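A.B. asks: Sharing a structure below in structure tokens format, with a few things to ask.
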Amino acid sequence: MNRLTPAAALALGALILTALPAQADSGSGLDPDPHLAHRDSYGTKATYEPEGHRYSHAPAGFTPVFTENVSRHGSRSATDSEDGDLILALWDKAESAGQLTGKGEEFGPKVRALEAAMAKVGYGNLSGLGKEELHDTAVRAAERLPSLFSKIAADGEKIDVVSSGQGRAIDSANVYASALADTNPALKPLIGETRTDKDLLYFHKAAGGAAYRDYLANDQRLARTLESITDQPRTHTAARSVLRRLFTADFVDGLSESDRIAAATAVYNLYAIAPAMSDESPDGKGKGKAKGKGEGWGMERYISRSDAAWFGYLSDAEDFYEKGPGFADSDITYDMANVLLDDFFEQAEAKRAGTSTLGAELRFTHAEEIIPLAALMGLPGSTEGVTEDSPYTYADNPWRGASVSPLGANIQWDVYEKDGRYLVRMLYNEKETAFKAACRPIAKGSKFYDLDELERCFKRE
């Protein structure tokens, strides 16, 4: 079995406990807010929560002339039935042998109902909550920029809508566009039909992602690191703890270590996806009543918060190394996102040059694009890569999948103009967000930046 260097193993072992959000002490580097710590356990399957509530006024005389965004698709069902199939096969075996616990007896029917709901929605498709998230995000965008959208309608400017071409991204685009049109019917004829650009919004699977795909398939440092992070005593302890809620001790003892981890991971994955399916739950009734909490399916009954936190950390570690900042001496995970950052600049620059007929550019994509873009741009939480000897832990790295790229995550640039001067304000999950430290705002503490300055600090000059 491949392992980390002795120094790395020692460092990681010392941080095992502090990597647990639910049991971290004040020196762990974790957010003390219990809600945030619990939310982290869902990783990138966390449902969307807008983070912005207050917004700065533009400097005197500046008016919005353009907006552009990139959004991850909204909440969805699982991409396949693999987790449900795996744990239900084990559950059926335990039931036949009379080796279910009281909670275990409840668990099988709950999983079958959840799987049936996901199959009805369509594996990988937007759930009711996902549609709600995109609809509400569009409405809030219109409310933040009423003068811009009135100007677009009055001037007959176009709104371009583009997606990765995957079903859930197309549906997200269409829901968003429809909601935007509902805020001002004059916008409807100006919104273009959703088009596909795989090179721009599915770059991890397009030609530009060839080197990245080779990294995932063949990089031995990546494989060695992820295996060592997973193969810790805490993982084996957590796996047994998860399964003991469902099955008798004799039944769990009869499984191999690898089978225990696989089964516990399947339970965790069902727990993580359940909130995204809250509208389809028996208690959801299509109104998002269980929004973001999972109560509609009750999957939180079958995994403790500390065990969910551990498996959430393992999920985050995989995403961190495979999509995020990764190793500090390599940009292989995010260099390919330049195609998307370039498009942000090109759209804003075309508006400044007077060559654009667009009032808005709306893009819809996936976590595999949002996470690398966040790392490339140096967005909050995505600034710190690691070394092999000092691997990723919650204790000393701020990266969290639930914050960087929850379902429905979005990055938006609003462009303002006055007398030929163009300013840009960025929103990240609808929160006013500073650009990276190398970029200078127009005034200390301001969230507005000259477009010229952004070109300089992102080396586009």
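A.B. asks: Looking at (1) without any contact (Cβ under 8 Å) to a residue 24 or more places away in the chain; (2) more than 16 Å from A328 (Cα to Cα), which one does G381 not meet, given that it meets all the others?
C.D. replies: All conditions are met except number (2).
A.B. asks: Which residues, counting only those in segment 189-216, are under 16 Å from D331 (Cα atoms) and of a type outside the set (D, E)?
C.D. replies: Hits for segment 189-216 are F203, H204, G208, G209, A210, A211, Y212, R213, Y215, L216.
A.B. asks: Turning to a different aspect of this structure: Taking into account only those residues within segment 218-238 that are under 19 Å from S304 (Cα atoms) and within 25 Å of the chain's Cα centre (by Cα), which is surrounded by the most Cβ atoms within 10 Å (Cβ to Cβ)?
C.D. replies: For segment 218-238, the residue satisfying everything is A238.
A.B. asks: Shifting gears a bit: Could you say whether any residue in segment 55-73 is closer than 16 Å to A274 by Cβ, in contact with a strand residue (DSSP E or B) (Cβ under 6 Å, 6 or more places away or on another chain) and modelled with pLDDT of 95 or more?
C.D. replies: Within segment 55-73, none of the residues are closer than 16 Å to A274 by Cβ, in contact with a strand residue (DSSP E or B) (Cβ under 6 Å, 6 or more places away or on another chain) and modelled with pLDDT of 95 or more.
A.B. asks: Restricting attention to segment 148-169, does a residue exist that is part of a helix (DSSP H, G or I), β-branched (V, I, T) and surrounded by 20 or more Cβ atoms within 10 Å (Cβ to Cβ)?
C.D. replies: Checked against the condition, which is being part of a helix (DSSP H, G or I), β-branched (V, I, T) and surrounded by 20 or more Cβ atoms within 10 Å (Cβ to Cβ), segment 148-169 yields at least one hit.
A.B. asks: Please pick out the residue among T44, T79 that is exposed (fewer than 14 other Cβ atoms within 10 Å of the Cβ), of a type in the set (V, I, T) and not in a strand (DSSP E or B).
C.D. replies: Only one candidate qualifies: T79.
A.B. asks: Kindly state which helices (runs of 4 or more DSSP H) lie completely within segment 349-461 and contain at least 3 residues that are surrounded by fewer than 24 Cβ atoms within 10 Å (Cβ to Cβ).
C.D. replies: 367-377, 451-457
A.B. asks: Sticking with this structure for a sec: Being among the aliphatic types (A, V, I, L, M) and touching a helix residue (DSSP H, G or I) at 6+ places or on another chain (Cβ under 8 Å) is the filter here, so list the residues in segment 390-427 that pass it.
C.D. replies: A395, A402, V404, L407, A409, I411, V415, L423, V424
A.B. asks: Is it the case that V111 is of a type in the set (V, I, T) and either under 16 Å from E361 (Cβ atoms) or open to solvent by 10 Å² or more (accessible area, probe 1.4 Å) (or both)?
C.D. replies: Taking the combined requirement at face value, the residue does not satisfy it.
The values are calculated or read from the model by the stated rules, or taken from the named source; none is laboratory data. From a predicted model like this one, the values you see are computed outputs, not experimental measurements. Note: ideal-geometry Cβ built from the backbone for every residue, glycine included; neighbour counts use all protein chains shown. Accessible surface areas use protein heavy atoms only, side chains included; no ligands, DNA or RNA. Shrake-Rupley method; radii C 1.70, N 1.55, O 1.52, S 1.80 Å.
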